[in-house]
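Visitor: Quick one: the structure is below, and I'll ask about it shortly.
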Amino acid sequence: MDEVEALSATARTRGLRVCVVESLTSGRLANTVGAGDEASEWFAGGLVAYFTEVKERVLGVTPGTDPVSAVCAEQLAAGGLALFEADVCVSTTGVGGPGPEGGHPPGTVFLGWATSAARGHRALALSGDPESVIEATVAAAVRLLGFHAEQLRPAGPRRSVDGAQAGTRPILSGAPGADAAASASSSAESGRTSPTASAKG
């Protein structure tokens, strides 16, 4: 995947640390990103979290949050950023199908993203069978990672001796329109950075 190689080049050139958190894609995104050139130099890792209690306890998702929501996607990405002490994190959550879940139609997907300065989400309305939905979600998530990695300055000597780093600081609201470059080939809603839409994992 050309997008993965572009992400690899950006991360290595700028000294960035990348991570992912997955529900819907169940490790497929980490497998795709980890296949990038010299991934051991820039890919901090990935976490698959299906159970609600795991999302809450490990990643800090607020209890009662709809797992198929923009709010959940953003919180998953923010939790992953802090957990892996990364510079950029993208999360996946949604309904793969073939039927609806929790009142959400199949193909409802949310990608969350987080950096030390901002966080946001992209809402997708995908069509096709579950495998097609997952493939489209992974492709869109890789593009989203690449887009936000491109916006970051070189990391430089930001990680102190005790391991503290930008990923552990509070995360602010995202900038409108920041996800424009990550649109999927399937029909998708426009990206939003405020917690307004829904998705599940």
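Since every read-out is calculated from the coordinates, none of them should be taken as a lab result. Owing to the predicted nature of the structure, the values given are computational and were not obtained by experimental measurement. Glycine gets a Cβ as well: all are built from the backbone with ideal geometry, and neighbour counts include every protein chain shown.
Visitor: How much net charge surrounds T10 when only the other residues with a Cβ under 14 Å from the Cβ of T10 are counted, with Lys and Arg +1 and Asp and Glu -1?
Guide: Numbers: positive: R12, R14, R17, R143, R153; negative: D2, E3, E5, D37, E38, E41, D87, E150.
Counting the neighbours of T10, the net charge comes to -3.
Visitor: Among S23, S132, S91, S40, rank each residue by its count of other Cβ atoms within 10 Å, from fewest to most, as a rough exposure measure.
Guide: The order, fewest Cβ neighbours first, is S40, S132, S23, S91.
Visitor: At most 13 other Cβ atoms within 10 Å and a DSSP loop assignment: could you name the GluC sites (Glu not before Pro) in region 1-95 that fit?
Guide: E38
Visitor: When H148, H104, H121 are ordered from fewest to most other Cβ atoms inside 10 Å of their Cβ, what list results?
Guide: Numbers: H148 29, H104 19, H121 33.
Ascending number of Cβ neighbours within 10 Å: H104, H148, H121.
Visitor: Relative contact order for region 28-77: what is it in percent, counting Cα pairs under 8 Å that are at least 6 residues apart?
Guide: 22 percent
Visitor: When only DSSP loop residues count, what chymotrypsin sites (Phe, Trp or Tyr not before Pro) in region 1-91 have their Cβ near at most 13 other Cβ atoms within 10 Å?
Guide: Answer in residue order: Y50, F51.
Visitor: Between T13 and N31, what is the label-point separation in nm under the 7 Å Cα-to-beta-carbon projection?
Guide: It is 3.0 nm.
Visitor: Quick one: dipole size for region 1-140, taken about the Cα centre, charges +1 on Lys/Arg Cβ and -1 on Asp/Glu Cβ, in debye to the nearest 20.
Guide: It works out to roughly 360 debye.
Visitor: So, R0 is 22 Å and r is the distance between the beta-carbons of A125 and E101; what FRET efficiency does that work out to, to 0.05?
Guide: Working from the Cβ atoms, E equals 0.90.
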